[in-house]
Amino acid sequence: MPKFNFCGLRPRKPKKLPKYDDDFDVFCKWNDDENTFNCVVPLDKEDFKDVIKEADLALIFFFHPELPDMEKGRQNFYQAALHSQRKNHIFGSLNCLEEPEICCKVGIETVPTMKLFAGRRVAGEKDPTAIDYMSILKWMDSFRI
């Protein structure tokens, strides 16, 4: 995975926006049993703070949209979000090109990276290209809140 230093970078829009964060129909699924949607929420600075504060567990996908190796990690992450059965959790994505100060603050050095937050603290970190979506879900389920 490529190493980056996001500290000190100015936010900018990517050359090509990620195609998944805005595609509600593809990456949200209604869960009849729970009467909820399973989604990946695109985050910005304000949303990130709220998500970390409010959710019991928040799994955040940190990415750089202009890198070609993002696709596998993104697919694994989105599939985990669609198949999750856990309550009071959030799957979010954060574009490190648009929000470098957050990526710097939470110590993102390689992208893509998933960080699991539990009660405002980092509970774990994984490379989403190294595990499949079922392994992501098992990893999340190993954290008891």
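Computed from the coordinates by the stated procedures, all read-outs in this text should not be read as laboratory data. All figures in this text were calculated on a predicted structure; none of them were measured in a lab. Virtual Cβ from ideal backbone geometry, glycine too; neighbours counted across all protein chains shown.
Quick notes on this one:
- The residue of region 39-58 that is surrounded by the most Cβ atoms within 10 Å (Cβ to Cβ), among those that are closer than 23 Å to Lys138 by Cβ and touching a helix residue (DSSP H, G or I) at 6+ places or on another chain (Cβ under 6 Å), is Ala58.
- Checking region 91-113 against the condition returns a match, with at least one residue being farther than 20 Å from Phe6 by Cα, in contact (Cβ under 8 Å) with a residue 24 or more places away in the chain and crowded, with 19+ Cβ neighbours inside 10 Å.
- Meets criteria (under 21 Å from Pro42 (Cβ atoms) and among the acidic types (Asp, Glu)) for Asp69: yes
- Flag for Ser84 being more than 13 Å from the chain's Cα centre (by Cα) and within 17 Å of Pro128 (Cβ to Cβ): yes
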